[in-house]
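Working notes, structure below.
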Amino acid sequence: MKSNIDPADYVDHLLDGCPQAVLMLSRDGLIQYASQATANVLGYAPSELRGRPFIGLLRPEDAFSLSQALEEMRTRSRHLVVSLQSTSGAWLSLELTLVNVDDERVLAFCADVSRRRELERSTRLFAAALEHVEESIIITDAEGFIEYVNRAFERRTGYSRDEVLGLTPRVLRSDHHDAQYFRDMWANLRSGQSFEAEMVSRCKDGSSIAENKLIVPVRDSDAQISHHVAIGKVSKNHCFTRSSSDPLATTMHALREGLWEYDIQARRVHFSPHWKRSLGYDERELGSSPDDWERIIAPEDREGFQERWLAHLNGETAQFEYEHRLITASGERRWVFTRGLIIHDGDAPVRVVGYQTDITERKQHEEALVRQAQLDPLTGLPNRLVFSERLKLAIQHSQRDPDFGFAVLFLDLDRFKVINDSLGHLAGDELLRAFAVRIATCLRTTDTLARLGGDEFGILLEGVASSREAMQLSQRIHRALDEPFDLDGRNVYTSTSIGIAIGNGQVDKVGDLLRDADIAMYHAKNQGKARSAMFDSSMHHKALRLMELETDLRAAIERSELLIYYQPIVSIENGEIEGFEALLRWPHPTRGLISPAEFVPIAEETGFINSLGIWVMREACRQLRVWQCKYARNRTLYMCVNLSSAQFLRFDLSTKIDQILRETGVAEQSLKLELTESMIMQHSEYADQMLAQLKAQKIRLSIDDFGTGYSSMSYLRRYPIDTVKVDQSFVRRMCRDSESLVIVKTVIDMAHNLAMDVVAEGVESREQLDLLREIGCENAQGFYFSKAIPAQEAEAMLLSDRRW
Ligand code: C2E
Ligand code: CA
Ligand code: CA
């Protein structure tokens, strides 16, 4: 027979009788299908729901967590409690179990837990109240295992709650009553009646207390006795009112613990009905052999369970305690905490009794927290912590297995700060995210990509046979970055410098490997960015030396050990000294005079350069003023001071200069700042403003090392530059190499066209000087005239009226 059932009807048919409302949701939360039970559970007919956004019915904060859950849950089911407004306007608490169907769809099983929530709330209230009553209270399950005792009980008997939970009140049994007494009591209770009598109990310390005991049975909704409540009052005259068990019943119902008892001799385990029920098993379903128990313990937890169990049986632990997973009747895994205690008869261990608590919710919460602590919130990638952990495992792996190779790649975005500063932090964040996604496409699934912080990323390549593979990957990454990123409609290019360290079993510390990769990355960056470098130990030594140098430099600056030397700048026409260039010198205690080419970059990187640069400027100006005043002939003498790019980028630069000029009494025109082309080109808009401002202050500007950078005269046209300094490399080659001569000549001509004058740097011979004179260069500087010399020597030179 052919059936023509609409698939929706078919599903309806399947779900008929399922008390939970079932919804099929798209990833964006639209209800594609609603089962019949929605009418009962949610108060909406299925037809009212189909096609509507489910999140529209929820509280906004729940709507948010649901849509997040729908997006995130790709592999596992999720539980979520949300509040939904039903047609009557009332808010329902719904427990949602979300199950992945496929990439697009998710099934949501909705159970109304409003009553349970209400119950839990009142339970908490009653439990709190019970803690403060004067009567001792014991609650046992139908079999007599203690599920709850209050504080009065603890006070009176000396037992703590933890010591008696899961035991029976037999621990309190004294010699005052004979066996018949208890038989009567049980007969009474089993028949559903309460029992009231004077009862003498034995406390933990062996002493006795007499209590007026009332024991009442409590029935569950099926009228079955599920628990007993024993209330004890020390006063003998007190009469108990029997109708007061209702709130207690509520309390007991809500106690969600399962009890068990294991008979050691018989090798049988007995579970309380609640224990079974809470896992979805009915009374007969689960046998009572230890194997039955083991069967429902999640396989991955069996070994741990066994270990702890034996440890307790062997007397190594005071209690059996274990957090593990159990497999429920529906095949789901729930987290439980199981605790048990061995009971001796004389010396012989006879039983282990215990209870178990469902801790699934807590575990889920913990797992979520752990996930959060491991992920970088911006990119969703593992963070530095996780990366280090994985790296540690890789190191251990390689130590066990010499054939296992791995590599660490340290990535740092080039010029990220520029993008961040110019386009704003939001764009910067966006770029980091997009960068992470782009890089991930270059990797195998087994590789780990992590954000290490800021604009630094790490990649762990496991199982790579050679450094070539790591190099190849880094090339792939560079190529992948050839394409621009689209940031809000704007094309942005970025590149990355990559340092590679190979795990070879020799380096056994995570920090050391990361550091090596980091050092190699710096190397790559210094080589001109968008490159990769493989770590080798010479880099390490270099880095160490650099670090030493940094420490020494810091100390030298603090102790004012740095000096300024002065190199004359000479007029080619008349051979007279026109000015000086101030050049830093560092007399190192063991290494002699260290060149600024070596330590200025360190000072730039560490930020010393700003205060250092200001000091140079102030000291050079002070010196200039002294010379100008001493020798009337030198009134027009000027001082050139080198500016670092960090200094140039300081907004307060011109104020600082102003202050120095006023302090030292030097005229604005007597100070000449030396900048490089790249400083201007890299920050061209800023340079526009800054140079205009300096010019407005009448300070003179020169371009240093011209010819080594962009060398675009036409570009420089827009800036108010006074002087071009031709780089010494051209001057050096000029006499032998016609191309260099052409360059020098062209620079001079173009500069003159733009009303700039020219200084040739690095003049070392008469020949060079003559040639420069011939091609119209007006000034020269170099060893032919003088090296940079201490102030005293420079002064002597001025005094002697030396000419060339
Ligand atoms: P620079 O500005 O190009 O300085 C000229 C460099 O060339 C100086 O090296 C100088 O001693 C050297 N020199 C001058 N004439 C000749 C010559 O005829 N032949 C040769 N071979 N070299 C010559 P120095 O003093 O080692 O300075 C190196 C660099 O350090 C400077 O290059 C400058 O960029 C930087 N620097 C020096 N002092 C400072 C400072 O106070 N602040 C900043 N930011 N940088 C400075
Ligand atoms: Ca210079
Ligand atoms: Ca120079």
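Before moving on, here are some points about what is shown:
- Net charge of Cβ neighbours under 12 Å - reference G463; Lys, Arg +1; Asp, Glu -1: -4
- The range 767-804 and the range 406-478: distance between their alpha carbon centers, rounded to Å: 51 Å
- Toward the positive end of the charge dipole of the chain, with +1 on the Cβ of Lys and Arg and -1 on the Cβ of Asp and Glu, the farthest Cα among A187, S740, P349 is that of S740.
- Charge tally in the Cβ shell below 14 Å around L553, where Lys, Arg are +1 and Asp, Glu are -1, L553 excluded: -3
- Taking the C-alpha atoms only, the angle from helix 360-374 to the longest principal axis of the chain is near 10 degrees.
- Span from the the range 84-158 Cα centroid across to the the range 572-642 one, whole angstrom: 79 Å
- Cα centre as origin, Lys/Arg/Asp/Glu Cβ charges: the chain dipole, Debye: 1060 debye
- Cβ crowding within 10 Å averaged over residues, with 286-295, 749-758 ranked highest first: 749-758, 286-295
- Highest to lowest packing among 721-732, 489-500, 556-567, scored as the average C-beta count within 10 Å: 721-732, 489-500, 556-567
- Helix-only mean residue ellipticity at 222 nm for the chain, each DSSP H run of n ≥ 4 adding -39500 (n - 2.57), per residue, nearest 500: -12500 deg cm²/dmol
- Counting Lys and Arg as +1 and Asp and Glu as -1 over every other residue whose Cβ lies under 12 Å from the Cβ of D705, the net charge comes to -4.
- Across the chain, Cα-Cα pairs farther apart than 45 Å form 55% of the total.
- Three-way shape call for the range 522-578 based on the alpha-carbon gyration tensor, with the a/c threshold at 1.5: oblate
- Three-way shape call for the range 654-804 based on the alpha-carbon gyration tensor, with the a/c threshold at 1.5: oblate
- Helix 684-696 and the longest principal axis of the C-alpha atoms of the chain enclose an angle of approximately 50°.
- Prolate/oblate/rounded call for the range 94-247, Cα gyration tensor, a/c under 1.5 rounded: prolate
Just so you know, all these numbers are worked out from the coordinates, no wet-lab data involved. The model shown is predicted, which means the values in this text are computed figures rather than measured ones. So basically every Cβ, Gly included, is an ideal-geometry build from the backbone, and we count neighbours across all protein chains shown.
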